[in-house]
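Below: the structure, in structure tokens.
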Amino acid sequence: MQQNILQGWNDEWPAVRTSKPLPTGDGVIDQGAFNTIEVDELFDYVNYASTTAGKTVLYRSLSQPLDDLEAIAAKQAAVREIQDNPDVRANVENIVANAAASENRLYLLLFGEFLGGFGTAREDNQIEGYGYKQYVRGVRVVLNLVGAIYNSGKPQSPYLQSVFEKIGNFSHSNEYSLMVGPVYNSEKGLQSKEERKNSFSPATIFRPTLFKPMLIGLLIAAIWGLMQIFPTDMFQVTRDGLSVASVFFLPLALAYIPVIGGYDRDNCIIPLRNIYKNSQALGDMLDGLGQLDELLAFIKYAEDYGSEMVLPEINAGERHNIKLVAAKNPVLGQKNPAYVGNDFSMDDERLVCVTGPNSGGKTAFCKTVTQIQLLAQIGCFVPAQAASLSVADRIFYQCPEISHLDDGEGRFGTELKRTRDIFLASTAKSLVVLDEMAEGTTFEEKMQSSIDVLDGFYRKGNSTILITHNHQLVDEFVKRKIAVPKQVEFADDLPTFKLIAGISRVSHADRVAKKIGFSKQDIDNYLAKS
């Protein structure tokens, strides 16, 4: 069962990037693919959420995307309802905006550092005084959010209904009753009004203020009683009498504040916040807020992208399939009208080999495909004129890795381990990108190993995209009629960033060397000057 974001913060000040991809084979995307696809950077571009809860939920979605067709479709329907219904959108935006303006007050109550009665807060996560103000403000954030949901109309889409219910259901929890008050402090601990219905044990009522009318009244009554028992002129209303009385009352007043404030902090406020921090209901409510904000973030991302965006059609293919029209990279294409879009499809084709010179756009294109697949599986818009795809149970992306000193296998072994793990975890519903293969060995061994591996993936039936400079390897699979050859186009030695049919048999290494100032001529010029 997925943790809610309150559990994910693990009793620490909220951090957005707390979620991690699941181990290889357990989730849609693993840590290797997460890093290679650059999901952290993708998050920065998609992140139009305005609440910490929304940002945390969005990052979790990208780390652990959905693999259920109905769940993705339900999320898309909620996006459409917000986008197409001005009243629903205005209501959701108002709820999220109000929460964004005040949610840090709740986090201060839950995770703030108490400085003591006379400390001065210099950081956002510090609490000065005894925490009365922070308690009242933090609780009010929750009560206002629940109230806003109850004052809202019922949305039509099931997903949006479930999010509203998740927030509204907090009102049925004991933690909500504690927040509304009164809170009873008894020998059984802190209890809500509902818990006290069948209890007859003595209890005091916690009120988040130093002003305790009953306690002050009792003190005054005690002092009056002392005056009756021990009559003295010191309490006469005279200048001298007031001076003497102040000497008597001032220490009592100074003692009252730290004693009462410290008691409430240690025995009421801190225990209450521990109850709230461990509350499943409060965590679910924050999840609901985050999910609302995430849906808005998708819409704002699409509106601000600068090119055509669509909610992809999701189908239930027995094998992975994808069809994109004029697809652009979700990161590089943002607010970049000159970015070149590409058409791409894999249906009956199980193996596509992409060749081309360096810096021609091979890797950028394959990251475009995988990032679009990922965005589709969190219910988000994708940058394309049209997009249709099935749900991938796994999205893998392998790129050349540097061997580690302690792995004992060298570069070839390190990469082969990763390829083996991907192969074993993939199914016919998986999308696999292999960026070069079998580096760190001889050409003959590289050819044979690559043929064996690609043949294995082909027989498994998943969608495999190979990025390679090895045109001899592509020739082998084209000859068998089981690979579709694609290449990045060049015109006048410059990349057009278009993907076209065919096999590239050039590398343009000299052009790249000249571009970075490390060609043969550059080397000769450097040595001539030395």
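Observations
- When Ala53 is tested against (1) crowded, with 22+ Cβ neighbours inside 10 Å; (2) outside any helix (DSSP H, G or I), just one condition goes unmet, and that condition is (2).
- If the condition is being more than 13 Å from Arg350 (Cβ to Cβ), free of Cβ contacts under 8 Å to residues at least 60 places away in the same chain and within 34 Å of the chain's Cα centre (by Cα), then the range 435-460 contributes Glu436, Met437.
- Some residue of the range 98-105 being more than 22 Å from the chain's Cα centre (by Cα) and in contact (Cβ under 8 Å) with a residue 24 or more places away in the chain: no
- Any hit, the range 87-95, residues being surrounded by fewer than 16 Cβ atoms within 10 Å (Cβ to Cβ), under 15 Å from Leu374 (Cα atoms) and out of contact with any Phe, Trp or Tyr (no Cβ under 9 Å at 6 or more places or on another chain): no
- The residues listed here are Val325, Val331; of these, the one that is part of a loop (DSSP other than H, G, I, E, B), closer than 15 Å to Phe381 by Cα and either hydrophobic (A, V, I, L, M, F, W, C) or touching a residue at least 12 places away in the same chain (Cβ under 8 Å) (or both) is Val331.
Here's the yes/no breakdown for (1) exposed (fewer than 15 other Cβ atoms within 10 Å of the Cβ); (2) closer than 21 Å to Gly283 by Cα; (3) of a type in the set (A, V, I, L, M, F, W, C); (4) modelled with pLDDT of 90 or more:
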position: His172; (1), (2), (3), (4): yes, yes, no, yes
position: Glu195; (1), (2), (3), (4): no, no, no, no
position: Asn198; (1), (2), (3), (4): yes, no, no, no
position: Pro208; (1), (2), (3), (4): no, no, no, no
position: Lys212; (1), (2), (3), (4): no, no, no, no
position: Gly217; (1), (2), (3), (4): yes, no, no, no
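- In the range 461-472, the residues that are within 14 Å of Thr355 (Cα to Cα) and touching a residue at least 24 places away in the same chain (Cβ under 8 Å) form Cβ pairs under 7 Å with partners that are of a type in the set (Val, Ile, Thr) and part of a loop (DSSP other than H, G, I, E, B), at six or more places apart or across chains, as follows: His471/Ile503.
- Residue in the range 103-152 that is surrounded by the most Cβ atoms within 10 Å (Cβ to Cβ), counting only those that are touching a strand residue (DSSP E or B) at 6+ places or on another chain (Cβ under 7 Å) and aliphatic (A, V, I, L, M): Leu108
- Qualifying residue in the range 441-453 (condition: at pLDDT 90 or above, under 22 Å from Thr368 (Cα atoms), in the same structural domain as Asn342 (by TED's automatic domain parsing) and among the hydrophobic types (A, V, I, L, M, F, W, C)): no
- Residue match in the range 307-317 (condition: assigned by TED's automatic domain parsing to the domain that holds Lys481, touching a Pro at 6+ places or on another chain (Cβ under 8 Å), buried (at least 18 other Cβ atoms within 10 Å of the Cβ) and farther than 21 Å from Leu434 by Cα): yes
- Selection within the range 16-42 - of a type outside the set (Asp, Glu), surrounded by fewer than 18 Cβ atoms within 10 Å (Cβ to Cβ) and in contact (Cβ under 8 Å) with a residue 24 or more places away in the chain: Arg17, Thr18, Lys20, Leu22, Gly25
The values are calculated or read from the model by the stated rules, or taken from the named source; none is laboratory data. Nothing here was measured: the structure is a model prediction, and the numbers come from that model. Neighbour counts run over all protein chains shown; Cβ positions are idealised from the backbone, glycine included.
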